[in-house]
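The values are calculated or read from the model by the stated rules, or taken from the named source; none is laboratory data. As the structure is a computational prediction, the values presented were derived from the model and not from experiment. Neighbour counts run over all protein chains shown; Cβ positions are idealised from the backbone, glycine included. Surface accessibility is based on the protein's heavy atoms, side chains included, excluding ligands, DNA and RNA. Shrake-Rupley method; radii C 1.70, N 1.55, O 1.52, S 1.80 Å.
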Amino acid sequence: MSALNDLTAHELSELLGKREASAREVLEATCARIDEVEDNLAAYLLLTREEAERQASAVDERRARGEDLPALAGVPLALKDIFCTKGIETTCGSRILKGFVPPYDADVVERCRENGLVLVGKTNMDEFAMGSSTENSAFGVTHNPWDLERVPGGSSGGSAAAAAASSTIVALGTDTGGSIRQPASFCGVVGLKPTYGRISRYGVVAFASSLDQVGAITKDVRDCALMLNVLAGHDPRDSTSIAAPAPDYTRALVSELAGMRVGLVKEFMEYQGVGVDREVGAAVRGAVERFHELGAECGEVSLPHLNYSIPVYYLIAPAEASSNLARYDGVQYGYRTPEEGAADIIEMYRKTRDDGFGPEVKRRIMLGTYALSAGYYDAYYLKASQVRGLIRRDFDRAFEQYDILVGPTSPTVAFRLGEKTEDPIAMYLSDVCTIPVNMGGLPGMSLPCGFSPDGMPIGLQLVGRSLGEEALLRAAYAFEQTTDFHRRRAHSVRERNGRRCVVARASA
Ligand code: GLN
């Protein structure tokens, strides 16, 4: 029998419902795993153990009284440190927010609380969600549980690493250009970025407001659907929130794909003439064959403007970030450089920002400020917005022919720590398959579809029409039923091929 924390949320939900386990026991198992792995994983920035114990006990008491509880009541949850949590420090991976304690909860945090999820901690991330490896955090690097010498992906790397190591059961992340899907892919777990506006961003630290979206990182597809049931819905406090009612996403979980049209995107398999890694390409083509066997009609499709996604993103996202980050001035939030030595308030702003922001954030603020400056706006921001329109049109056309589009989540498996830190462009390219999806505001999902010869997980990306989350879940679930990738756990792999895994000894 596996440890409780190695189970999925739906398995735990069943045990809890039958009173074969208590929320306190599930929490204890999860905390024991945290104690065991955090020294070499470093997925968390902060643990909220006392609060978690209170929440778990409250769930157990309600159940003992015979109350009807929500499906995920008593399930441990980790939050990327980008979500405002009332009374709990929220840093967004940045020194400039050190000491910031929000007076309110983000909408999604409220929803998780109402559903009885038990918050175990806040996870590490790239500063202000800018990055693809979690190496841009001001508070140290997180390691990939499958190989401690590699990155977990980013920017939601802490959330993905914790889910993969079973040091949480479910986690939340955000995705502006791939930050849920790419770390899910690198850590061998499931990540879904829903349609822009499907989940409220009230109380989520803003990076690039026309792209940011919240989503869950889970161990399997059913858990992903259950989490979407918790998170999705209208919120009048977020003006981009979609008013359409959210369905019960678990209804989409059926094991066949008759009539579904699946298009493999040529530009996802090859960028400017360079193909994705061989094993990644092979795993993705294998998945397409599996879709065919499950009853789907499969073909290939080209979306030519996808080739412009990276340059377009690196104008739009920094431009929006330069505006959003202007609020960190040493007065309103968190950190301020001590005043002595600052001649006036402008000097205080300058010093605070110089000490408070890391190099990648500074680079983006400079890029964005330049792209928005008088005389350059038309040439850069406006032009990028126009090309973004062409990318969207490519997607619209492809969806006339296909119900979902597929490709790899990332061209490679997880890379080594330090491998790309000196080369920002190489780092940016690891999101070449995920960024276009944010440009279109479309739902995108990553799920495990294989392992490389050296044992690293490979992610399959599925892209749907606007509000087409159910089609993604259906395809993902049917595929997952035919594989056992989602049942493998990083810590049950012993040291092999020189890889050091998160618990490099025989476990459960
Ligand atoms: N890696 C991309 C970036 O650095 C995307 C990040 C994200 O989705 N938050 O901006």
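A Cβ-based charge dipole, computed about the Cα centre of the chain with Lys and Arg at +1 and Asp and Glu at -1, lands at about 260 debye. Based on C-alpha pairs under 8 angstrom that are at least 6 apart in sequence, the stretch 339-484 has a relative contact order of 20 percent.
When the P(r) of the stretch 93-132 is calculated, the portion above 11 Å amounts to 74% of the C-alpha pairs. Think of the chain as having a plus end and a minus end, set by charges on the Cβ of Lys, Arg, Asp and Glu; of Leu119, Ser159, Val189, Val189 sits farthest toward the positive end of this dipole.
Give the cross-link partners of Lys18 among the lysines, using a straight C-alpha distance below 27 Å as the criterion and excluding same-chain residues fewer than 8 apart. Within reach: Lys219.
Taking only the C-alpha atoms of the stretch 236-308, the Rg (one decimal) and the largest Cα-Cα distance, Dmax (whole number), read 17.1, 46 Å.
Does the stretch 187-317 come out rounded, prolate or oblate by the C-alpha gyration tensor, with a ≥ b ≥ c the root eigenvalues, rounded set by a/c under 1.5 and, if not, prolate when a/b is larger than b/c and oblate if not?
It comes out oblate by the Cα gyration axes.
Shape verdict for the stretch 32-180, please, from the Cα gyration tensor: rounded (a/c under 1.5), prolate (a/b greater than b/c) or oblate. Prolate, since a/c reaches 1.5 and a/b exceeds b/c.
Under Stokes-Einstein, with the Kirkwood radius over Cα pairs as Rh, the value for the stretch 1-91 at 37 °C and 0.692 mPa s is 232 µm²/s.
Rounded to 0.05, the FRET efficiency of the Arg397 and Asp344 pair, given R0 = 60 Å and the Cβ-Cβ distance, is 0.60.
Can you give the charge dipole size of the stretch 233-336 about its Cα centre, rounded to the nearest 20 debye, using +1 on the beta carbon of Lys and Arg and -1 on the beta carbon of Asp and Glu?
280 debye
Each Lys and Arg adds +1 at its Cβ and each Asp and Glu adds -1 at its Cβ; summed about the Cα centre, the stretch 1-146 shows a dipole of about 300 debye.
Rolling a 1.4 Å probe over the protein heavy atoms of the chain, with every protein chain left in place, gives an accessible area that is 50 percent carbon and sulfur. Coordinate range of the alpha-carbon atoms in the stretch 359-435 per principal axis, descending: 42, 39, 13 Å.
In the stretch 67-178, taking the dipole from charged Cβ atoms about the Cα centre, the farthest positive-side position among Ala138, Ala73, Ala106 is held by Ala138. Taking the helices alone, the chain has a mean residue ellipticity at 222 nm of -11000 deg cm²/dmol, built from -39,500 (n - 2.57) per DSSP H run of at least 4 residues and averaged over all its residues. Highest mean packing first, where packing is the average number of other Cβ atoms within 10 Å per residue, the peptides 222-229, 414-421 line up as 222-229, 414-421. Residue by residue, the stretch 217-225 carries 3J(HN,Hα) couplings of 10, 9, 7, 8, 6, 4, 4, 5, 5 Hz when phi is fed to the Karplus relation 6.51 cos²θ - 1.76 cosθ + 1.60 (θ = phi - 60°); x denotes Gly or Pro. Remark: relative contact order (the chain) = 18 percent; criterion is Cα-Cα distance under 8 angstrom and separation of 6 or more residues.
In whole percents, the pair-distance distribution calculated for the stretch 265-422 from its alpha-carbon pairs, binned every 10 Å from zero, is 9, 24, 26, 21, 13, 6, 1, 0.
Can you work out the base-10 log of I(q)/I(0) for the stretch 167-234 at q = 0.17, 0.18, 0.22, 0.29 1/Å, using the Debye formula on its C-alpha atoms alone? So the normalised log intensities work out to -0.55, -0.61, -0.90, -1.37. Normalised by the number of residues in the stretch 51-152, the mean separation of alpha-carbon contacts (under 8 Å, six or more apart) gives a relative contact order of 26 percent.
Per residue, the solvent-accessible area of the chain (1.4 Å probe, heavy atoms of protein chains only, all protein chains present) comes to 37 Å².
Would you mind getting the Kirkwood hydrodynamic radius of the stretch 424-490 from its Cα pairs, rounded to one decimal in Å?
That comes to 13.4 Å for the stretch 424-490.
Size descriptor for the chain, Kirkwood hydrodynamic radius: 22.6 Å (Cα pairs only, one decimal). Positive end of the dipole of the chain (Cβ unit charges, origin at the Cα centre): among Ala342, Ser22, Ala43, the Cα lying farthest that way belongs to Ala43.
When a/c is below 1.5 the answer is rounded, else prolate if a/b is larger than b/c, else oblate, so apply that to the stretch 343-492 with a ≥ b ≥ c taken from the square roots of the Cα gyration tensor eigenvalues. Oblate, because a/c is 1.5 or more while a/b does not exceed b/c.
Protection proxy ranking, highest mean first, for peptides 395-407, 116-128, 340-352: 116-128, 395-407, 340-352, where packing is the per-residue count of other beta-carbon atoms within 10 Å, averaged.
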